[in-house]
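Asker: Have a look at this one before I ask anything.
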Amino acid sequence: MTTLLRRAPGRAAVVALLGAVLAACGSPSGGSPAPQTPVARVGRQAIARSLFDLRMASALAAIQQGGGPQSGSSGYDAMVAKLRASVLKSLIIDSVIAQEAQFRHLAASDADVQHEIDADSKAAGGMGALQTQLAEAGGSLDQLRDEIRSRLNEERVEDAFARERANTVLQQVRGGDFASLARQLSDDSGSRDRGGDLGVLTDAQLAADDRDFAAAVRALQPGQTAQQPVRDAAGYEILRVDSVSAAGRAVHRILVAAPKPYTVKERPDWFLQSLLDAIAQYCSQGQLTVYIASADQPCVSPSASAPVRGSAGATP
């Protein structure tokens with residue numbers, strides 16, 4: 001069985017898709033569905049109106065607390081339209097990730113979510129204190145549960161993809177030029193343009209660095225590349241030690257990012273692209289529908305009446 005995140009229609013389909021999604025969400029001629037009607041359907045998963053409303057309420061509260069446009073003020077309606085589009089896009093992405101997590105048996109369980117709620121409650125000084133803090137920030141326990149579940153699903157799926165990507169990159173390194181591949185594929189912006197060159201790392205620098213990274217570097221002989229990607233706090237490392245001297249160890253790296261702790265803000269470009277490709281794949285199979293507006297559908301190109309379609313291929 002091939003999952004949608006492993007197949008990739010062309011980028012043009014993705015661009016057309018996202019433009020239409022935003023148009024569908026913000027269309028002034030579109031009405032809101034009944035409360036029991038999903039706002040969208042992605043594959044086998046319906047996105048509930050209640051979840052959309054929950055995220056909208058949380059986002060609006062945060063914007064208003066931050067001094068954004070208030071209800072009735074100039075620019076408020078335009079802001080809400082853009083926010084609706086953004087919330088729907090995030091829900092569609094989260095749905096794609098959740099289904100991939102389920103397929104891989106990685107999905108966050110209710111117990112996983114509650115474990116984090118309990119930890120947050122303990123840190124806050126009790127459940128009542130946590131609820132007060134959430135309310136002051138415009139949130140709620142339901143909003144927190146949604147946020148935790150989405151984050152856990154994405155962290156686990158991204159980690160699985162990063163591990164697979166790192167193994168693929170390592171195979172390429174064994175038959176190719178390390179520096180060239182680092183420039184193309186490494187997620188380390190600091191060393192990427194130098195072909196993955198970290199320079200000479202002293203013992204003091206290694207002692208202050210990530211423990212797993214330092215141990216892997218010290219275990220390599222001059223001219224040796226690690227036999228397996230090394231998992232550390234930054235992600236999966238393909239490491240090569242070029243030389244060892246009294247000054248230290250000359251090291252090259254290719255990083256496939258999977259940071260711990262993981263946040264959506266650190267979503268690697270290659271992972272985001274795989275999500276966009278998956279959305280376009282759902283469209284090509286007629287499995288993504290948005291119900292928020294009737295004028296536009298997300299899988300229809302703005303310049304054509306036929307559904308957007310792309311050729312399938314392997315995702316890196």
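The values are calculated or read from the model by the stated rules, or taken from the named source; none is laboratory data. What you see is a predicted model, and the numbers here were worked out from it, not measured in a lab. Reconstructed Cβ throughout: ideal geometry from the backbone, glycine too, with neighbour counts over all protein chains shown.
Asker: What's the total number of residues in segment 76-97 that are without any contact (Cβ under 8 Å) to a residue 12 or more places away in the chain, in contact with a Gly (Cβ under 9 Å, 6 or more places away or on another chain) and not aromatic (Phe, Trp, Tyr)?
Answerer: The number of residues fulfilling the criteria is 1.
To keep it simple, each residue is scored yes or no on (1) modelled with pLDDT of 95 or more; (2) surrounded by 13 or more Cβ atoms within 10 Å (Cβ to Cβ); (3) among the β-branched types (Val, Ile, Thr).
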position: Gln171; (1), (2), (3): yes, no, no
position: Gly176; (1), (2), (3): no, no, no
position: Asp187; (1), (2), (3): yes, yes, no
position: Arg194; (1), (2), (3): yes, yes, no
position: Asp197; (1), (2), (3): yes, yes, no
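Asker: Do you know which residues across segment 218-239 are of a type outside the set (Gly, Ala, Ser) and in contact with a helix residue (DSSP H, G or I) (Cβ under 6 Å, 6 or more places away or on another chain)?
Answerer: Within segment 218-239, Pro229, Val230, Asp232, Tyr236, Ile238, Leu239 qualify.
Asker: Right, next: Please determine, by comparing only the residues of segment 250-275 that are among the β-branched types (Val, Ile, Thr) and closer than 17 Å to Phe213 by Cβ, which one is surrounded by the fewest Cβ atoms within 10 Å (Cβ to Cβ).
Answerer: Here the residue is Val251.
Asker: Based on this model, can you work out whether Arg231 counts as among the charged types (D, E, K, R) and in contact with a Leu (Cβ under 7 Å, 6 or more places away or on another chain)?
Answerer: no
Asker: Moving on to the next point. Please verify whether Ser95 is surrounded by 16 or more Cβ atoms within 10 Å (Cβ to Cβ), more than 19 Å from Val264 (Cα to Cα) and either not assigned by TED's automatic domain parsing to the domain that holds Met56 or not acidic (Asp, Glu) (or both), treating the condition exactly as stated.
Answerer: When the stated conditions are applied, Ser95 does not pass them.
Asker: Follow-up. Based on this model, can you work out whether Ser73 counts as of a type in the set (S, T, N, Q) and within 29 Å of Ala258 (Cβ to Cβ)?
Answerer: no
Asker: Follow-up question, since we're still on this one. Which numbered condition in (1) surrounded by 14 or more Cβ atoms within 10 Å (Cβ to Cβ); (2) among the small types (Gly, Ala, Ser); (3) closer than 24 Å to Lys260 by Cα is the only one that Ala85 fails?
Answerer: (3)
Asker: Under the condition of being in contact (Cβ under 8 Å) with a residue 60 or more places away in the chain and among the small types (Gly, Ala, Ser), which residue from segment 98-142 is surrounded by the fewest Cβ atoms within 10 Å (Cβ to Cβ)?
Answerer: Ala137
Asker: Identify all residues within segment 148-163 that are more than 10 Å from the chain's Cα centre (by Cα) and aliphatic (A, V, I, L, M); write none if there are none.
Answerer: Ile148, Leu152, Ala160, Ala162
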